[in-house]
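Input: a single structure, listed below in structure tokens.
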């Protein structure tokens, strides 16, 4: 217990020292205007969160990020698993994905806005596209890495193809699928924020840009903090979900974070 | 033999042809505006013209320079930091929380702050690329060095290897695959960030080129710009795998996205 506390104390040392230094500098007036003292930021964040001002933009952002994530993840996992078990599907998607995988999907945003309009659809589409790739690739590898012996045994014992898929392939691919989802989730937030900064009328990304343009730096930091908290909390949620789904199978597995 | 490999290549790459044909069909069908979905020949023509005029090479060069500077700096700092975190107790206790808590936070949100600190030019973009790339590289190096087989370390020391020799001959090679996995995650991120930041506030670079072309309804030019960034992303990724397989020759990876 004491050792853990000591570790925690050391871990907090650097951030706490930095924030303290920042706060002191803020009060002596030696900071440029765009670096608002942490206490001011905390104050603005708190009062905006309490008054509900932050809420509507947060909800807009969250809706876009989650909608895009869900669409991209579902399509990616479904097609990735199919490609992992079917030669024909694999043959079709493999060259397409390998060609387009290293392409930054955000470059499509302007053209997607021309196709789908300036509303939520274009943002959700570009987020879904970004999430699709890691979801597909990891599901594909997860399904490919299934132990052949298990499949053969199941078939030998009279399992149907559907049963093999649901009882053998899906559980054995699950850890890898969730790894893909975790990468996709982080990407979803990056793309969401970028899309909102470039062209949106609502959302946290837009709030950051507006606050910056009107020199309301405390507001800008409040929005930045909100995005950080959302990204972090969503990641923790996914990790909790993974622990539940893979309960008992992850013994001794060190978490990535 | 040659015929057979050619047939094999066609068999493998037919889906690309299917997608391109579908695009061309859509363009000609009249269902969508020809301006919004130009034919392949139009895009190719605009691409060739903008390559010849030096427009695309100019903007691509700027984007590439920014992405690679940020990526390169992140490699240097991330590998050193990751090694130190794995080998030095106090560095680990100071930095490990910063990285594990900061990992899922979208660092791109700090871009407006970076603009104020580093200005609107290349510096703010390179700094943000550096920050975004630093996380996967550091974390992968850290895990890679941590999971080095202890027996190898003990054997090396037992046979009289100096600390420097242990580092260069045991630690770094064992962590190599993991380090390169981190680089492979970071490389596309560097391109994403450079394109985003150029779309927001810049008058140079491919991100600007694409958003400017779209805003002026020159969709064929926008597709040409996307083609350029796609080619850059693809070539850089292949290059990284090539370098990786030269360095880590004992554990090659191959295949599509391996």
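How many residues are over 23 Å from residue B:122 (Cα atoms) and not in a helix (DSSP H, G or I) if we restrict to region B:47-82?
Within region B:47-82, residues that are over 23 Å from residue B:122 (Cα atoms) and not in a helix (DSSP H, G or I) number 1.
More than 14 Å from every other protein chain (Cβ to nearest Cβ) and either over 20 Å from the mean Cα position of the chain (by Cα) or farther than 22 Å from residue B:249 by Cβ (or both): is that true of residue B:188 in this structure?
no
Could you check region A:93-111 and list, in sequence order, the residues that are within 18 Å of the chain's Cα centre (by Cα), facing another protein chain (nearest Cβ under 7 Å) and part of a helix (DSSP H, G or I)?
Result: A:106, single match.
Suppose the filter is more than 9 Å from every other protein chain (Cβ to nearest Cβ) and surrounded by 15 or more Cβ atoms within 10 Å (Cβ to Cβ); does residue B:230 pass it? Give the steps one after another, and end with the answer.
Values: more than 9 Å from every other protein chain (Cβ to nearest Cβ): no; surrounded by 15 or more Cβ atoms within 10 Å (Cβ to Cβ): yes.
No.
May I ask you to verify whether residue B:243 is in contact (Cβ under 8 Å) with a residue 60 or more places away in the chain, over 21 Å from residue B:20 (Cβ atoms) and surrounded by fewer than 21 Cβ atoms within 10 Å (Cβ to Cβ)?
Details: in contact (Cβ under 8 Å) with a residue 60 or more places away in the chain: no; over 21 Å from residue B:20 (Cβ atoms): yes; surrounded by fewer than 21 Cβ atoms within 10 Å (Cβ to Cβ): yes.
When the stated conditions are applied, residue B:243 does not pass them.
Search region A:1-46 for residues being closer than 21 Å to residue A:207 by Cα and under 27 Å from the mean Cα position of the chain (by Cα), and hand back the single one that is farthest from the other protein chains (Cβ to nearest Cβ).
Top of the filtered list is A:46.
If you scan region A:43-75, which residues turn out to be under 30 Å from residue B:119 (Cβ atoms) and exposed (fewer than 15 other Cβ atoms within 10 Å of the Cβ)?
Residue satisfying the conditions is A:43 alone.
Is one or more of the residues making up region A:176-195 at the interface with chain B (Cβ under 10 Å from one of its Cβ atoms), part of a helix (DSSP H, G or I) and more than 30 Å from residue A:78 (Cβ to Cβ)?
No; the residues of region A:176-195 include none that is at the interface with chain B (Cβ under 10 Å from one of its Cβ atoms), part of a helix (DSSP H, G or I) and more than 30 Å from residue A:78 (Cβ to Cβ).
How many residues does region B:83-106 hold that are at the interface with another protein chain (Cβ under 8 Å from one of its Cβ atoms) and either part of a helix (DSSP H, G or I) or over 15 Å from residue A:187 (Cα atoms) (or both)?
Residues flagged as at the interface with another protein chain (Cβ under 8 Å from one of its Cβ atoms) and either part of a helix (DSSP H, G or I) or over 15 Å from residue A:187 (Cα atoms) (or both) within region B:83-106 amount to 9.
Do you know which residues across region B:115-130 are within 14 Å of chain A (Cβ to nearest Cβ) and touching a residue at least 40 places away in the same chain (Cβ under 8 Å)?
B:115, B:120, B:124, B:125, B:128, B:129
Tell me, please, whether a residue that is closer than 23 Å to residue A:102 by Cβ and part of a helix (DSSP H, G or I) can be found in region B:116-125.
Checking region B:116-125: at least one residue is closer than 23 Å to residue A:102 by Cβ and part of a helix (DSSP H, G or I).
Any read-out appearing in this document is the output of simple, stated calculations on the displayed coordinates, not a laboratory observation. For clarity, every value in this text was computed on a predicted model and none was experimentally measured. Note that we place each Cβ from the backbone using ideal geometry, even for glycine, and neighbour counts take in every protein chain shown.
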